Amino acid sequence: MSDNPTFQIATGVQARREGRLDDAYHAYQQAADASRASGKEEHLITALAGLGQIERDRGRLDQAQKHYAEALTLCRDQGFPLRTASVARHLGDIFRLNGQAQQAESLLSEAISLYRQSLDTKVLDLANAIRPLALFKTAEGDIDGARLLWQEGQVLYSAVNVDAGATECSLQLAKLPHRA
C-alpha cells in the first residue's frame, strides 16, 4: 500500500490524531514519494502540508517552513486558490513564529484575501486565517489593525460556535490599549 498516496495520507492523518508523530511523518513521506512518482500533485500538496504540520508539532519550524513552501509553490502553479490560502496561512504563521515579519504579513494577508474572494470559503477557515494576522499586528503594535481583525475573528468564531476562538478574540481585544 506504500505506493498509494491516498492510503498513506489517511494513515498519516490517523497517526497524528493518535499522537504517533513518527508514524505520521513516515506515512506522509511515503505519500509524498508516491505522489512525486505518479505526478499526482494534489496528493503531493497534501503530503507536504502533512510533513510541514508534523515538523511544526515537533517544534522544527525551519523544516516545517521548507515543506509548506514547496506545497505553496505547487498550489500556486496548479491554481488551487483555497489550497493556496490554507498553505499560505500555515506558512505565514510559521514565519510569524520565526520572527520573519515581512514574509509573515505578506502570506497571511494573501491567505485572507484568497479566502475573501471565494464563495466556497468556510467561515472557520477565514477565522483561522485572521487569527495569526491579528497576533502579528498586535505584536507589531498596529493596534487599530489588530482591533479590526480581533473583532472580525470574534464574530466569525461566534458564528460557527467555536467558543475557544471567540473567547481568545475577546481576551485579546481587552488587552489592547484604548485610544484617548
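Taken together, the values in this text are just the output of simple stated rules run on the coordinates, not laboratory data. For clarity, every value in this text was computed on a predicted model and none was experimentally measured. With ideal geometry, Cβ positions are generated from the backbone for all residues, glycine too; neighbour counts draw on all protein chains shown.
Some values worked out for this structure:
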quantity	calculated
Ordering of 18-24, 79-85, 155-161 by burial proxy (mean other Cβ atoms within 10 Å per residue, highest first)	79-85, 155-161, 18-24
Set of aspartates and glutamates with alpha-carbon distance to LYS175 below 19 Å, sequence-local pairs under 8 removed	GLU140, ASP142, ASP144, GLU152, ASP163
Label corresponding to Rg/Rh (Cα atoms, Kirkwood Rh) when calculated from the structure given, among [x] 1.14; [y] 1.21; [z] 1.01	[z]
Additional length obtainable on full extension of the chain from ASP23 to VAL155, 0.36 nm per residue less Cα span	43.7 nm
Expected-Rg normalisation [2.2 N^0.38 Å, Cα atoms] applied to region 50-145	1.03
Inter-site label distance for ASP144 and LYS122 at 7 Å from Cα along Cβ, in nm	3.5
